[in-house]
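Undergrad: Let me give you the structure first, and then I'll get to my questions.
The values are calculated or read from the model by the stated rules, or taken from the named source; none is laboratory data. Please read these numbers as outputs of a predicted model, since none were measured by experiment. Cβ placement follows ideal geometry from the backbone for every residue including glycine, while neighbour counts extend to all protein chains displayed. Ligands, DNA and RNA are stripped out before the accessible areas are found, and what is left, the full protein with its side chains, is counted by its heavy atoms. Shrake-Rupley method; radii C 1.70, N 1.55, O 1.52, S 1.80 Å.
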Amino acid sequence: MLLYWIHDRILLGVSQALFAASLALAVALFARTRGVALAGDAAIALGRGISQIILVGLILAVLLKGPWWTGPILLFAMIAAAAKTSSRRAKGFPGALRISLYAIAAGAGSTIFLMALAGVIDHSAASLVPIGSMLIANAMNANALALDRFRAELQSHSGEIESALSLGAAPAVTVAPYLRGALRASLIPPVDNLRSLGIVWIPGIMAGMILSGASPLYASIYQFVVLAMILASSGLTCIVGTHLMQRRAFSPAEQLVPELSAVES
Amino acid sequence: MLSIALATEHIQREVNGNTIVRDVSFDVTQGELLAIVGPSGCGKSSLLRMLNRLDEPTSGRVLLKGEDTCAIAPCELRRRVGMVMQRAYLFPGTVAANIRYGPLQRGTNLDDAAVEQLLAQVELAGFASRAVDKLSGGEAQRVSLARTLANDPEVVLMDEPTSALDETLARQVEELIAGLVRARGLTCLFVTHNRAQARRIASRVLLMERGSLAAIGAPQEILNAPLLDT
């Protein structure tokens, strides 16, 4: 209906946004009848979301037409923001922000660099930034899951870990089962996304490429490429993140740090 | 003359500005069973955890046969100074895998006969292939004891090893520990809040109060003191 009546792209976009936001607000109001006070939060989130994304769109419109180095600068800023968000999941754990920053930079950063070098991602900022941001966002989520799970495992198994230390085991040996569990859990979403690709969902990048006139076959192959890159960058992020977290969990004298150790008595 | 197996020199531990162990000095002779008693929160467990460096003293020294424990690699120190905790904390798997855990850390794989011999010492002969989640509380604590002994430690630290068990089981495990300590000539530091237990098993008693060493001496001398509040 909107497409039939409105031909100006900006006006069309605003109308579509209003329609989608109205539906979200209607659902939030319906939730209120079930005793869930969601309408206020939803209204604020919708307002904030549309403002942020329009602002980012305007900045991107300027930067993407700029020289090649605008791409890496934007990606570095995104990695820093992702590390900040991700580290909240491991709040209270010593060095959580630094661990997240190094992990996402190593995982997503190196994947973007390698793929750009190999020509899998186009060097132009217009291509590098959107694809890079997808890798960074997924690495951020995987890192948050891994750190949250690993910290919870360390806290709930501090007795077993200290028992193993008391038997002369090295710190890395004592936490190995919990590290494996955290890694496995954090990689479930990207692995499941690959498994269900095309069957349960047709991802945005493929839909976008088809809508903008690309060959559906190439669009589908490239979508697989993107998901494989997401799996690689998320996996590497989690491996680096949990490794750094494991090192920070122990003192140089191989003692569990007080944040994780049993309560003093 | 009896040799000193373990000694502390003015050890102290502070956490977030609170002194939880204050200037404690004592020594334990070879083959002695020293009970550490005192009310809850008086620093008994904190004191014990500094002896195998699970926690670090803020000041002072711990000496193992005259050698500063800070000069010994933590893995090696914890092999030589074994610890049995309040709960068994067995690792998932079989009893035998738990017994082999410590020696495996330094590349020694105990054979079946050695595992069986250790289990016989804790009165669990024939339990090697049992899954640990099928054990009772008392059996689990005995496996934990055998697991510590598998490392052939010079000193054994016991942090209220019977407090999570019911009275009958606690007495059985207590008798087993006391018997093993005597039979193997082990040096043992045994934390307990139970005065009667300390009286039954200890050759000497160390009384802690508000983080400080209040008294140390023969069980009847310390435990019969009129003002003792345990």
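Undergrad: With charges only on Cβ, +1 for K and R and -1 for D and E, what is the dipole size of the protein assembly as shown about its Cα centre, in debye, rounded to 20?
TA: The dipole magnitude comes to about 1220 debye.
Undergrad: Follow-up. Using the alpha carbon gyration tensor of region A:1-113, what are the three equivalent-ellipsoid semi-axes (square root of 5 times each eigenvalue), largest first, in whole Å?
TA: Its equivalent ellipsoid spans semi-axes of 34, 26, 9 Å.
Undergrad: Give, in whole angstrom and from largest to smallest, the semi-axes √(5λ) of the equivalent ellipsoid of region A:85-208, with λ running over the eigenvalues of the Cα gyration tensor.
TA: 34, 17, 13
Undergrad: Using heavy-atom solvent-accessible surface (probe 1.4 Å) with all chains present, what is the largest-first order of A:Val240, B:Val84?
TA: The residues order as A:Val240, B:Val84, largest area first.
Undergrad: Quick query: amide H of B:Met83 versus all other amide H atoms, modeled in the peptide plane; which residues come in under 5 Å with a sequence gap of 5 or more or a different chain?
TA: B:Leu157
Undergrad: Still on this structure, I have one more. Non-local amide H neighbours of B:Ala215 (under 5 Å, H modeled in plane, Pro and chain starts lacking H): which ones?
TA: B:Leu207
Undergrad: Moving to a separate point now. Stick to the Cα atoms of chain A, pair each with every other, and give me the Kirkwood hydrodynamic radius in Å at one decimal.
TA: Roughly 21.2 Å, rounded to one decimal.
Undergrad: Using a Förster radius of 45 Å, what is the FRET efficiency between B:Arg184 and B:Asn16 based on their Cβ-Cβ separation? Nearest 0.05, please. Spell out each step's value before the answer.
TA: Details: r = 40 Å, r/R0 = 0.88.
Efficiency computed from Cβ-Cβ geometry: 0.70.
Undergrad: Sticking with this structure for a sec: State the volume of the convex hull built on the alpha-carbon positions of region A:155-265, expressed per residue in Å³ and rounded to an integer.
TA: Working: hull volume 13.5 nm³, N = 111.
About 121 Å³ per residue, rounded to a whole number.
Undergrad: So, in Å, what gap is there between the alpha-carbon centers of region B:174-230 and region A:193-265?
TA: So the separation of the two Cα centres works out to 54 Å.
Undergrad: I've got another one for you. For a quick check of understanding: with a 1.4 angstrom probe and all protein chains in place, what accessible area in square angstrom does B:Asp133 have, to the nearest ten?
TA: Only protein atoms counted, so the area is about 120 Å².
Undergrad: Within the accessible area of region B:87-230, what % is carbon and sulfur when the probe is 1.4 Å and the other protein chains stay in place?
TA: After summing per-atom areas, the C and S share lands at 49 percent.
Undergrad: Short version: ³J(HN,Hα) in whole Hz for each residue of region A:35-49, in order, from phi by Karplus 6.51 cos²θ - 1.76 cosθ + 1.60 (θ = phi - 60°), x for Gly and Pro, what are they?
TA: x, 9, 7, 10, 4, x, 4, 5, 5, 5, 4, 5, x, 5, x
Undergrad: Turning to a different aspect of this structure: Along each principal axis of its Cα atoms, how long is region B:27-72 end to end? Whole angstroms, biggest number first, please.
TA: Dimensions of region B:27-72 along the principal axes of its Cα atoms: 32, 27, 15 Å.
Undergrad: Rounded to the nearest 20 Debye, what is the dipole magnitude of chain A about its Cα centre when Lys and Arg each give +1 and Asp and Glu each give -1 at the C-beta?
TA: Working: 17 positive and 11 negative charges, 70 e Å.
Its charge dipole is roughly 340 debye.
Undergrad: Which GluC sites (Glu not before Pro) from region B:131-225 combine a DSSP loop assignment with at most 16 other Cβ atoms within 10 Å?
TA: Loop-located and lightly packed - B:Glu154.
Undergrad: Run through region B:180-230 and list the trypsin sites (Lys or Arg not before Pro) located in a DSSP loop whose Cβ has at most 16 other Cβ atoms within 10 Å.
TA: Listed in order of number, the matching sites are B:Arg210.
Undergrad: Residue by residue through region B:94-108, which ³J(HN,Hα) values in whole Hz follow from phi under the Karplus form 6.51 cos²θ - 1.76 cosθ + 1.60 (θ = phi - 60°), with glycine and proline marked x?
TA: 8, 4, 4, 4, 5, 5, 7, 3, x, x, 4, 5, 10, x, 9
Undergrad: Nearest 10 degrees is fine. How inclined is helix B:112-121 to the longest principal axis of chain B, computing both from alpha carbons?
TA: 50
Undergrad: Multiplying the sequence separation of A:Leu194 and A:Ile210 by 0.36 nm and subtracting their Cα-Cα distance, what value in nm do you get?
TA: 3.8 nm
Undergrad: Using only the alpha carbons, work out the radius of gyration and Dmax of region B:106-208 in angstrom.
TA: When restricted to the Cα atoms of region B:106-208, Rg and Dmax are 14.1, 42 Å.
Undergrad: Here is a follow-up. Consider a paramagnetic label point 7 Å from the Cα of A:Ile221 along Cα→Cβ; state which residues of region A:103-147 have an amide N under 19 Å from it.
TA: So the set is A:115-123.
Undergrad: Per DSSP helix of 4 or more residues, -39500 (n - 2.57); summed, then divided by the residues of chain B. What does that give at 222 nm, rounded to the nearest 500?
TA: Computed ellipticity for chain B at 222 nm equals -10000 deg cm²/dmol.
Undergrad: Now a separate question. Let's see if you can work this out: charge +1 on each Lys and Arg Cβ, -1 on each Asp and Glu Cβ, no other charges. What is the dipole magnitude of region A:1-123 about its Cα centre, in debye to the nearest 20?
TA: About 480 debye.
Undergrad: While we're looking at this one, here's another question. How high is the FRET efficiency between B:Arg200 and A:Arg88 when r is their beta carbon distance and R₀ equals 45 Å, given to the nearest 0.05?
TA: So, using R0 = 45 Å, E works out to roughly 0.30.
Undergrad: While we're on this one: When each pair of different Cα atoms in region A:16-70 is counted once in the 1/r mean, what is the Kirkwood radius in angstroms, to one decimal?
TA: When all Cα pairs of region A:16-70 are included, the Kirkwood radius is 13.1 Å.
Undergrad: Counting heavy atoms of the protein chains only and a 1.4 Å probe, report the per residue accessible area for the protein assembly as shown as a whole number of Å².
TA: Accessible area per residue: 49 Å².
Undergrad: When the helix-only estimate is applied to chain A (DSSP H runs of n ≥ 4, each -39,500 (n - 2.57), divided by the residue count), what is the mean residue ellipticity at 222 nm, nearest 500 deg cm²/dmol? Write down the numbers at each step before the final one.
TA: Working: 12 runs with 196 residues, N = 265.
Estimated from H runs of four or more residues: -24500 deg cm²/dmol.
Undergrad: Where q = 0.17, 0.20, 0.25 Å⁻¹, what log10 of I(q)/I(0) comes from the Debye formula for region A:163-214, counting one point per Cα?
TA: Ignoring solvent entirely, the Cα scatterers give -0.68, -0.78, -0.92.
Undergrad: In region A:1-71, what chymotrypsin sites (Phe, Trp or Tyr not before Pro) fall in a loop by DSSP, with at most 16 other Cβ atoms inside 10 Å?
TA: A:Trp68, A:Trp69
Undergrad: Looking at the protein assembly as shown only, what percent of DSSP beta bridges run antiparallel? Nearest 5 please.
TA: The antiparallel proportion sits near 55 percent.
Undergrad: Which semi-axis lengths, in whole Å and largest first, follow from the square roots of five times the eigenvalues of the Cα gyration tensor of the protein assembly as shown? Numbers along the way, then the final one.
TA: Working: eigenvalues 724, 115, 95 Å².
They are 60, 24, 22 Å, listed largest first.
Undergrad: Convex hull over the alpha-carbon atoms of region B:50-181: what's its volume per residue in Å³?
TA: 114
Undergrad: Let me ask something else about it. What number in nm² do you get for region B:107-157 if you take the convex hull of its Cα atoms and divide its surface by four? Walk me through the numbers before you get to the answer.
TA: Values: hull surface 16.3 nm².
Averaged projected hull area, Cα only: 4.1 nm².
Undergrad: Grab the other residues whose beta carbon is less than 12 angstrom from that of A:Leu183, score K and R as +1, D and E as -1, and report the net.
TA: So the environment of A:Leu183 carries a net charge of +2.
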